[in-house]
Amino acid sequence: MMQTHSFQYYLPVNLIFGPGKTEVLGEEAARYGKKVMIVTGRHSTKRSGLLGRAKSLLEKAGAEVTVFDEAEPNPLASTVMRGAGIAKEAGIQVIVGLGGGSIMDCSKAIAFAACNEGPIFDYIYGKKTGTGALPLILVPTTCGTGSEGNCFAVLTDDETKDKKSLRDNSVIAKASIIDPELMKTMPKKVLASVGFDALCHCMEAYLSRTCSPVTEIFALEGIRLIGENLIPVYNGLDEADAWCGITFASTLGGMSINQAGVTAPHGLEHPASGLRNITHGRGLAALAPVIYRRSISSAPEKFARISQLLGGTDETDFVNTLTRFLEKIDLRTNLSAEGVKAEDVDWMTGNTFKVSLASIQNHPKVFTEDEVREIYTEALDY
């Protein structure tokens, strides 16, 4: 039953949602300055023509545009610092993040690092406190991370391989332009991966020990929308309502974890992908069934509800329902298939408790170090 005794919800983000809304990019950015840096990746926005379109819209609004196209999957702290250095040297006033979740995270971190001196992981680990960030406009091209709707920027430390979130309200976007039409350029394997990431955000927020009534509504609706629409879209359905559904679900997932946080699946996945540069959604697919099988007794009513929204019956068939869902989007995998080795298990276990302790403690069942080691070992060949 939803608990409404006491909660707080704060998220000052301007969501501009709908097909064709990319056209307002220039006027939105112009509200905050004329010197604009587009942060994007090396390939996809160029191939799709979106980078050229975005640059044209910004220039039409009177902007002077610099392009930083070095953002990579699982963005590195060194990339962020390089981008921030260019932004400071060019006197950039506005950052526009154009791309998938990693690009948006990199954009947020560049906006932050351009206003705060020193290594960005000093702020992630609380050694220093930030004093703001450049204004951000985010334009997601994948329906996965929901980064457009929260204050997180997930980064990897080059040397230690620690993968952890910068969390600061200053990196909440001034406007997030969420255009479902931009999602249609994703390859199927990317759609599957990011769609499952969005589903995990919603499931984890709903299962979180700090889930509030507002978050519960958002998370359950996100699960429903992905459950109904991701498989048909993956199989070729090209209806606007379905694309809008999974895109909106992704944003709801991002907003949900902003309040409720992530739990064990993300907590265990980050060490794996930080170490082996795994595609995030695939790492989640390898771990989630193993983690949840050990968790159901701690929240049976919630697992029953999720199972029903994904086509199952109750908590007893939740793991099978989730596994079938993964099979239908060709995302059934294990850690070995994603490049993790047996000798990595001890390092990942230690890193989980070093970097992701909050996520473990937020899970409905709080795992011990031995249990986490067993989960990693089982997920190698699950």
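Of all residues in segment 191-212, those satisfying the criterion of being more than 19 Å from Thr141 (Cβ to Cβ), in a helix (DSSP H, G or I) and open to solvent by less than 10 Å² (accessible area, probe 1.4 Å) are Cys200, Cys202, Met203, Glu204, Ala205, Leu207. From the list Gly312, Gly281, Gly274, the lone residue that is in contact with a strand residue (DSSP E or B) (Cβ under 7 Å, 6 or more places away or on another chain) and either open to solvent by less than 50 Å² (accessible area, probe 1.4 Å) or free of Cβ contacts under 8 Å to residues at least 60 places away in the same chain (or both) is Gly274. In segment 101-118, the qualifying residues are those that are touching a helix residue (DSSP H, G or I) at 6+ places or on another chain (Cβ under 7 Å) and not in a helix (DSSP H, G or I), and the one that is nearest to His43 (Cα to Cα) is Ala114.
Yes or no: Glu70 among the acidic types (Asp, Glu), out of contact with any Lys or Arg (no Cβ under 9 Å at 6 or more places or on another chain) and under 20 Å from Pro140 (Cβ atoms)?
Numbers: among the acidic types (Asp, Glu): yes; out of contact with any Lys or Arg (no Cβ under 9 Å at 6 or more places or on another chain): no; under 20 Å from Pro140 (Cβ atoms): yes.
In short, no.
Going by what's in this entry, would Ala77 be described as in contact with a strand residue (DSSP E or B) (Cβ under 9 Å, 6 or more places away or on another chain), open to solvent by less than 20 Å² (accessible area, probe 1.4 Å) and without any contact (Cβ under 8 Å) to a residue 60 or more places away in the chain? For Ala77, the condition - in contact with a strand residue (DSSP E or B) (Cβ under 9 Å, 6 or more places away or on another chain), open to solvent by less than 20 Å² (accessible area, probe 1.4 Å) and without any contact (Cβ under 8 Å) to a residue 60 or more places away in the chain - is not met.
Do we have Glu343 as open to solvent by 30 Å² or more (accessible area, probe 1.4 Å), touching a Lys or Arg at 6+ places or on another chain (Cβ under 6 Å) and either in contact (Cβ under 8 Å) with a residue 12 or more places away in the chain or farther than 18 Å from Arg293 by Cβ (or both) here? No.
Return only the number of the condition from (1) in contact (Cβ under 8 Å) with a residue 24 or more places away in the chain; (2) farther than 30 Å from Asp157 by Cβ; (3) open to solvent by 10 Å² or more (accessible area, probe 1.4 Å); (4) among the β-branched types (Val, Ile, Thr) that Ile296 does not satisfy. Just one mismatch for Ile296, condition (1). For segment 214-223, the set of residues classified as out of contact with any Lys or Arg (no Cβ under 8 Å at 6 or more places or on another chain) and open to solvent by 10 Å² or more (accessible area, probe 1.4 Å) consists of Val214, Glu216, Ile217, Phe218, Glu221, listed by residue number. Looking at segment 119-156 only, could you name the residues that are open to solvent by 10 Å² or more (accessible area, probe 1.4 Å), β-branched (Val, Ile, Thr), at pLDDT 95 or above and in contact with a helix residue (DSSP H, G or I) (Cβ under 6 Å, 6 or more places away or on another chain)? Within segment 119-156, Thr141, Thr142, Val154 qualify.
Considering the conditions (1) touching a helix residue (DSSP H, G or I) at 6+ places or on another chain (Cβ under 6 Å); (2) under 23 Å from Arg53 (Cβ atoms); (3) open to solvent by 10 Å² or more (accessible area, probe 1.4 Å), Lys174 is excluded by exactly one of them, (1). Scanning segment 135-168 for residues that are under 16 Å from the mean Cα position of the chain (by Cα), outside any strand (DSSP E or B) and not acidic (Asp, Glu) yields a count of 10. With respect to being open to solvent by less than 10 Å² (accessible area, probe 1.4 Å), at pLDDT 95 or above and under 20 Å from Pro140 (Cβ atoms), Asp179 fits the description.
For (1) open to solvent by less than 10 Å² (accessible area, probe 1.4 Å); (2) part of a helix (DSSP H, G or I); (3) not small (Gly, Ala, Ser), each residue gets a yes or a no:
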residue	(1), (2), (3)
Ala285	yes, yes, no
Pro289	yes, yes, yes
Tyr292	yes, yes, yes
Val319	no, yes, yes
Arg324	no, yes, yes
Asp330	no, no, yes
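The values are calculated or read from the model by the stated rules, or taken from the named source; none is laboratory data. None of the values given here were measured: they were computed from a predicted structure. Cβ sites come from the backbone with ideal geometry, for glycine too, and all protein chains shown count toward neighbours. These accessible areas exclude ligands, DNA and RNA; they are computed on the full protein's heavy atoms, side chains included. Shrake-Rupley method; radii C 1.70, N 1.55, O 1.52, S 1.80 Å.
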